[in-house]
Amino acid sequence: MKAWDILGYTADADTYCPDCAERRYGPDREGRLDHEGNEVRPIFASESSEWSESGAYCGDCVAELVEPAEPEEEKDLFPYFDRFDVAEAFLVFAHDHGLYGLVDRIERLSFRPRPSLSDCGSLSPNGQAIYRHLKRERYADRFEDPCARAPRREGTARE
């Protein structure tokens with residue numbers, strides 16, 4: 001496929017395959033306006049990466065114009081040292097496993113966790129890797145990835 005090959009068209013706030021676009025807007029679509037007054041614009045093969053996350057489908061016949069990308073598997077990150085991630089991961093781990101002596105030691109460091117910190121899913125990706133490492137070290141015989149079950153909450157990433 002060449003970069004200038006046309007995969008479909010965008011018009012009327014939707015996408016259309018070449019056949020459906022021809023039925024709607026006629027054979028000569030160059031410079032043509034849709035019903036909202038916008039230009040009927042081609043989707044070139046070189047632009048397919050813009051559509052790859054969710055894919056692109058014809059609004060009339062539902063033909064696949066751009067195949068959706070396969071989701072990348074999350075890699076088990078190797079944790080790196082970040083004092084906030086370490087403190088948060090240890091704090092969540094201590095609360096999850098009733099290690100309140102560890103909670104007291106973290107509090108003596110004058111560490112104040114953010115209000116949205118609640119479980120493994122609210123940790124940063126590095127914090128989750130640290131948590132998984134702690135869990136593997138302490139409970140290697142019955143390790144189950146707790147972060148896989150806890151979806152990451154919106155607004156927990158540090159900017």
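The values are calculated or read from the model by the stated rules, or taken from the named source; none is laboratory data. These numbers come from a predicted model, not from an experiment. Cβ coordinates were reconstructed from backbone atoms using ideal geometry, including for glycine residues, and neighbour counts include every protein chain displayed.
Within segment 25-32, identify whether any single residue is of a type in the set (Phe, Trp, Tyr), modelled with pLDDT of 80 or more, over 29 Å from residue 120 (Cα atoms) and not in a helix (DSSP H, G or I), and answer yes or no.
Within segment 25-32, the first condition is being of a type in the set (Phe, Trp, Tyr), and the residues that meet it are 25.
Restricting the remaining residues to those that are modelled with pLDDT of 80 or more gives 25.
Pick out the ones that are also over 29 Å from residue 120 (Cα atoms) and you get 25.
If we keep only those that are not in a helix (DSSP H, G or I) as well, we get none.
No, every residue in segment 25-32 fails to be of a type in the set (Phe, Trp, Tyr), modelled with pLDDT of 80 or more, over 29 Å from residue 120 (Cα atoms) and not in a helix (DSSP H, G or I).
If you go through segment 1-22 and keep only what is without any contact (Cβ under 8 Å) to a residue 24 or more places away in the chain and surrounded by 13 or more Cβ atoms within 10 Å (Cβ to Cβ), you end up with 18, 21, 22.
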